[in-house]
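The values are calculated or read from the model by the stated rules, or taken from the named source; none is laboratory data. Here the structure is a predicted model, which is why all the values come from computation and not from measurement. FYI the Cβ positions are ideal-geometry reconstructions off the backbone, even for glycines, and counts take in every protein chain you see. Side chains included, ligands, DNA and RNA excluded: accessible areas come from the protein's heavy atoms. Shrake-Rupley method; radii C 1.70, N 1.55, O 1.52, S 1.80 Å.
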Amino acid sequence: MNAQQLVEIIRTRTSAPLRHMSPPGPNADELKLIVEAAAAAPDHGRLHPFRIMEIPADARNALGALFEEGVKAAHEAPTEEALSRAREKAQRGPVLLVLVGCFHGADETSIPKYEQMISAGTALQNMVLVAHTLGYASRITSGTTARSAIFHKGLGLSENEEFLCFISLGKVDEARPAKGRQEVQEIFSVWSPE
Ligand SMILES: Cc1cc2nc3c(=O)[nH]c(=O)nc-3n(C[C@H](O)[C@H](O)[C@H](O)COP(=O)(O)O)c2cc1C
């Protein structure tokens, strides 16, 4: 593969609407490749500032219960429709992953948290690009409930860990065109010292 082809893969990755995503998701071997790509993210200080968790099919209802609990905590009298919509969120995508940030504080390292977050972000990009190359669509989602203490506890995250996002993977009939991307000249300049 040459650089032009790689850029074409990167350029043609777009997020898929979850309601259009259907099975299958990546199989175990494909998932291993996707996670290998995450592990190749640049990681200043080898701090390993992220990990990936799969939410398997038989755990989706338990995840749905966490979403429901989150809505109940945020609203005094949620409607049954709101609760059902919350539960539904756990069914997003044939394969559902969680990207967890495992961040090291200033007491442990001089490497700032934002660098560790960038590392997790590049792992995320590596994963969706490999999924795209394998023919799977992806959708990255987050939300206030998923960042709540209810999720932190429910997902079994440690004190130094943070929910970063869900990654849903599956098939779509047609990829959405890319929107709102910047042109090279908008993001690139050459520094000239005064
Ligand atoms: C960490 C992270 C969390 C995100 N969470 C959401 C979300 O909860 N809802 C949403 O609509 N888009 C979310 N997005 C953005 C979309 O996944 C998507 O990247 C964006 O709409 C741009 O579309 P594109 O990927 O097709 O270029 C998130 C992106 C990132 C990187």
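What to note about this one:
- Where residue 176 falls short, out of the listed (1) within 14 Å of the ligand (Cβ to nearest atom); (2) at pLDDT 95 or above: (2)
- Qualifying residue in the range 44-55 (condition: at pLDDT 95 or above, under 22 Å from residue 164 (Cα atoms), under 16 Å from the mean Cα position of the chain (by Cα) and part of a helix (DSSP H, G or I)): no
- The set of residues in the range 1-14 that are within 16 Å of the ligand (Cβ to nearest atom) and either part of a loop (DSSP other than H, G, I, E, B) or crowded, with 18+ Cβ neighbours inside 10 Å (or both) comprises 13, 14.
- If you go through the range 131-146 and keep only what is under 13 Å from the mean Cα position of the chain (by Cα) and either of a type in the set (Phe, Trp, Tyr) or on the phi < 0 side of the Ramachandran plot (or both), you end up with 131, 137, 138, 139, 140, 141, 142, 146.
- Filter result for residue 124 (under 18 Å from the mean Cα position of the chain (by Cα) and either on the phi < 0 side of the Ramachandran plot or of a type in the set (Ser, Thr, Tyr) (or both)): yes
- Residues that are outside any helix (DSSP H, G or I) and not small (Gly, Ala, Ser), drawn from the range 21-43: 21, 23, 24, 26, 27, 42, 43
- Verdict on residue 70 being more than 13 Å from the ligand (Cβ to nearest atom), in contact with a Pro (Cβ under 6 Å, 6 or more places away or on another chain) and open to solvent by less than 30 Å² (accessible area, probe 1.4 Å): no
- When 56, 78, 26 are checked against the criterion of being in contact (Cβ under 8 Å) with a residue 40 or more places away in the chain and not small (Gly, Ala, Ser), 26 stands alone in meeting it.
- Filtered residues of the range 15-60 (kept if within 16 Å of the ligand (Cβ to nearest atom), over 23 Å from residue 101 (Cα atoms) and open to solvent by less than 80 Å² (accessible area, probe 1.4 Å)): 16, 17, 18, 21
- Some residue of the range 100-120 being modelled with pLDDT of 95 or more and closer than 18 Å to residue 150 by Cβ: yes
- Residues of the range 106-133 that are more than 12 Å from residue 33 (Cα to Cα), among the polar types (S, T, N, Q) and away from the ligand (no atom under 15 Å from the Cβ): 109, 110.
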